[in-house]
1. If P53 satisfies all but one of (1) outside any helix (DSSP H, G or I); (2) under 18 Å from A124 (Cα atoms); (3) more than 17 Å from the chain's Cα centre (by Cα), what's the number of the condition it fails?
2. Go through region 15-46 residue by residue and tally those that are closer than 12 Å to A70 by Cβ and either in contact (Cβ under 8 Å) with a residue 24 or more places away in the chain or in contact with a His (Cβ under 7 Å, 6 or more places away or on another chain) (or both).
3. When only residues in region 16-36 that are closer than 15 Å to P63 by Cβ and either of a type in the set (K, R) or out of contact with any Ser or Thr (no Cβ under 9 Å at 6 or more places or on another chain) (or both) count, which is most open to solvent (accessible area, probe 1.4 Å)?
4. Which condition breaks for F96 when tested against (1) at pLDDT 95 or above; (2) open to solvent by 30 Å² or more (accessible area, probe 1.4 Å); (3) assigned to a helix (DSSP H, G or I)?
5. Look through R144, R117 and report the one residue that is at pLDDT below 85, farther than 18 Å from A44 by Cβ and open to solvent by 20 Å² or more (accessible area, probe 1.4 Å).
6. In the list V68, V83, V45, V60, which residue meets the criterion of being among the β-branched types (V, I, T), assigned to a strand (DSSP E or B) and surrounded by 17 or more Cβ atoms within 10 Å (Cβ to Cβ)?
Amino acid sequence: MSESKVAALLLVDDHALFRDGLRELITHWGEFRVVGEATNGWEAVELCGRLQPDIVLMDVQMPVMDGVEAARRIRVESPATVVVMLTMSVEERDLFEALKQGARGYVLKNTSAQQLRERLHEVARGEVPLSGAIAARILDELNRQRSADAASSPEPVETLTEREVQILRLVAEGLSNEEIGARLFLSDQTIKKQLSGVLQKLHLANRV
């Protein structure tokens, strides 16, 4: 998805008032446009097949079909569409299951309008948008798994440099590569290179 084109959005939430407010907000952003709305996951899957939106902003907990199952089906039936969960749920079960089933981001509804806009730009750049609190939970889970692996493995764990830890903490706060670079006075390319080193050391395939 190119950030220069107008990205087509599908809004999925069972609360009409929330969809109305979100649609009204997005109409003021020229780089995004709402092409459809759905009240549950079943409608979302059907509309994705017909409309082929670039991005789906979808709640987790909905009637008929929840957002996790809908994300799984959209990943299979409309692979070019990126699903981002926009929800109030901070349950780890919802978080990890949604990412496992194909969601490319997890953003909380209490985020500000500007932060949501920035998260959508991250999607357009192929990045993975995560609210700061959610990224912190993922980092905590990663640390627990790493500690368990280190305790059971005779191989030494490769440590991160002070700079890599600094960048990782900013990722956990939900900052994009561009925002991290601005905070640390480094270029986007430098941040990407540093993050690549972090992923290699932690034996991870991607940013999520």
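1. Among (1) outside any helix (DSSP H, G or I); (2) under 18 Å from A124 (Cα atoms); (3) more than 17 Å from the chain's Cα centre (by Cα), P53 violates only (3).
2. 8
3. F18
4. The one condition F96 does not meet is (1).
5. R144
6. V83
The values are calculated or read from the model by the stated rules, or taken from the named source; none is laboratory data. These numbers were taken from a predicted model, which means no experiment stands behind them. Quick reminder, even Gly has a Cβ in these numbers, built from the backbone with ideal geometry, and neighbours come from all protein chains shown. The protein model used for the area step is the full one, side chains on, heavy atoms only, and it has no ligands, DNA or RNA in it. Shrake-Rupley method; radii C 1.70, N 1.55, O 1.52, S 1.80 Å.
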